[in-house]
Amino acid sequence: MTTTDYTKARRLLTKRDPVIGALIKRHGPCGLADAQHEDAFVALVHAIVSQQLSTKAAATIAGRFDALFDGKPNPSAVARVQDEQLRAVGLSTQKVRYIRDLCARITDGSLPVQTLNELHDEDVIQSLTQVKGIGRWTAEMFLMFVLNRPDVLPVDDLGLREAVKRAYKLKDRPKAAELRAIAEKWQPHRTVATWYLWRSLS
């Protein structure tokens, strides 16, 4: 797993961008290290579960899903249960299909989940988005919160765009190109800058 020097990242971001520097001063140490997921499979399942749901509803269903496997879900265990059991914890038929596809790809080796950390960011995204129900945003969250990649900029994230609008006093939420331009000075620590912008909304 990649490790990030958060002290160095904060120092560089503060030097390059006073707006981010102010957020760093206000919110203190970066909490990304504490938010990392150790189990890649569980992280991906939870990402699928959370699609189009409130945080509270997603957490409830994810908790029931994990409990179905005594807190240790894995592809082979999921393959052994019936669709009805998965739907009983609150999963839609579509999400059951997505999770089945994820399990099948891990089992047959077409998604080498244990070695994704050896790939470049874009290659990780390419691999993950082959799975039904996993889009670029979910893959970017995987890069940030499972592989601990330091320089991810999820330009389609509405929370990030709203935070940038407020922090930089823009009239509208920035489009992808504008957000990338603003974020150029954050490299190679765009993940850390993104975390502080998300934090500024709470």
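Some observations on this one:
- Helix 158-167 axis, angle to the chain major axis (alpha carbon atoms, nearest 10°): 10 degrees
- When the inverse distances between all different Cα atoms of region 71-133 are averaged and flipped, the Kirkwood radius reads 12.7 angstrom.
- Integer Hz, Karplus 6.51/-1.76/1.60 couplings in order for region 108-114, x for Gly and Pro: 7, x, 6, 10, x, 4, 6
- In the context of the full set of protein chains, residues of the chain present 53 Å² of accessible surface per residue (probe radius 1.4 Å, heavy atoms only).
- Taking all protein chains together, ASP151, ASP70, ASP17 sort by accessible area into ASP70, ASP151, ASP17, largest first [probe 1.4 Å].
- Rounded to whole numbers, the Karplus 3J(HN,Hα) couplings from phi for region 54-71 are 5, 4, 5, 5, 4, 5, 5, 5, 4, x, 5, 4, 4, 5, 4, 10, 6, x Hz, using 6.51 cos²θ - 1.76 cosθ + 1.60 with θ = phi - 60°, and x at Gly and Pro.
- Where only C-alpha atoms are counted, convex hull volume of the chain per residue in Å³: 121 Å³
- Just the protein heavy atoms count here, and of the accessible area of region 44-202 at 1.4 Å, carbon and sulfur take up 50 percent.
- Residues whose amide H lies under 5 Å from that of VAL81, counting only those 5 or more places away or on a different chain, are absent; hydrogens are built 1.01 Å from N in the peptide plane.
- Nearest 10 degrees, 0 to 90: helix 136-145 Cα axis against the chain principal axis: 80 degrees
- Computed over region 54-95, the Cα gyration tensor eigenvalues convert (square root of 5λ each) into semi-axes of 17, 13, 8 Å, ordered from largest to smallest.
- Shape of region 112-162, Cα gyration tensor, a/c cut at 1.5: oblate
- The longest part of the chain holding none of the exposed loop trypsin sites (Lys or Arg not before Pro), meaning those outside H, G, I, E and B in DSSP with at most 11 other Cβ atoms within 10 Å, is 1-168.
- Helix 190-199 axis, angle to the chain major axis (alpha carbon atoms, nearest 10°): 90 degrees
- For region 176-182, putting each phi into the Karplus relation 6.51 cos²θ - 1.76 cosθ + 1.60 with θ = phi - 60° gives couplings of 4, 5, 5, 5, 4, 5, 4 Hz, in residue order, rounded to whole numbers and with x for Gly and Pro.
The values are calculated or read from the model by the stated rules, or taken from the named source; none is laboratory data. Quick caveat: nothing in here was measured; it's all calculated off a predicted structure. A quick note on method: Cβ atoms are made from the backbone with ideal geometry, for glycine too, and the neighbour counts reach across all protein chains shown. Surface areas here come from the heavy atoms of the whole protein model, side chains and all, with no ligands, DNA or RNA. Shrake-Rupley method; radii C 1.70, N 1.55, O 1.52, S 1.80 Å.
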